[in-house]
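Take a look at the structure set out below.
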């Protein structure tokens, strides 16, 4: 079975895989120059590890994501909001599609960096199609992916919200929006109730979490 990856990913594979494991051939894929890996499976230790952390505003995605990055040398941290930083903010299908493309582009670039072993992506993804698009893109990159959704109860969300004074989004109006979104996020796959857990404990749980595939994510 052939796997198609962008040039950046295959350069990393060519550099790190044992000689002769995969045959790399130039091929035109989806309008860009990529490579075809003719092997039954890309060797496990050659795959970029990506952790995707979803959840409502104020639940602690950034804190936990940065904790994981700090504890694991060679980890790149990506906040999805960086990839859609429009002033004023517009969150529609066009801008979210752009953001997904920007995120996957950053991860592709990190794949070719010999110093980068893992990527942690944190982003609020309340639209199922956005999550699916991210997961499909990571599948194309043959990333070893963990995807979790952090949730908590109303009391803890309010407490965390009030304690975060550095974020411009921490207004009463956005708090009400976030509170209303709790049930939706709690119903998502791979949800972790973080209500009474420290950031370190949440980070440990995520690192112990099993990897997921697109077929196992819906």
Checklist outcome for this item: From the option list 165, 133, single residue qualifying as buried (at least 17 other Cβ atoms within 10 Å of the Cβ) and either under 19 Å from residue 60 (Cα atoms) or in contact with a helix residue (DSSP H, G or I) (Cβ under 8 Å, 6 or more places away or on another chain) (or both) is 133
Next on the checklist: Any residue that is touching a residue at least 12 places away in the same chain (Cβ under 8 Å) and under 23 Å from residue 204 (Cβ atoms) - is there at least one of those in the range 128-141?
Outcome noted: yes
Checklist entry - Is one or more of the residues making up the range 147-163 part of a helix (DSSP H, G or I), within 12 Å of the chain's Cα centre (by Cα) and free of Cβ contacts under 8 Å to residues at least 60 places away in the same chain? => result no
Checklist entry - Of the residues that make up the range 101-109, is at least one over 20 Å from residue 200 (Cα atoms) and not in a helix (DSSP H, G or I)? => result no
Checklist entry - Do we have any residue at all in the range 190-207 that's at pLDDT below 90 and in a loop (DSSP other than H, G, I, E, B)? => result no
Next on the checklist: Of the residues 175, 182, only one is touching a strand residue (DSSP E or B) at 6+ places or on another chain (Cβ under 8 Å) and either exposed (fewer than 14 other Cβ atoms within 10 Å of the Cβ) or touching a residue at least 12 places away in the same chain (Cβ under 8 Å) (or both); which?
Outcome noted: 182
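Is at least one residue of the range 2-19 at pLDDT 50 or above and surrounded by fewer than 17 Cβ atoms within 10 Å (Cβ to Cβ)? Write out each step before concluding.
Here is the first cut: in the range 2-19, the residues at pLDDT 50 or above are none.
For the range 2-19, residues at pLDDT 50 or above and surrounded by fewer than 17 Cβ atoms within 10 Å (Cβ to Cβ): absent.
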Checklist outcome for this item: When the range 111-123 is checked residue by residue, the ones that are outside any strand (DSSP E or B) and either surrounded by fewer than 23 Cβ atoms within 10 Å (Cβ to Cβ) or without any contact (Cβ under 8 Å) to a residue 40 or more places away in the chain (or both) are 112, 113, 114, 115, 116, 117
Item to check | Residues located in the range 59-73, provided they are part of a loop (DSSP other than H, G, I, E, B) and surrounded by 14 or more Cβ atoms within 10 Å (Cβ to Cβ) | outcome: 59, 60, 72
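The values are calculated or read from the model by the stated rules, or taken from the named source; none is laboratory data. For clarity, every value in this text was computed on a predicted model and none was experimentally measured. Note: ideal-geometry Cβ built from the backbone for every residue, glycine included; neighbour counts use all protein chains shown.
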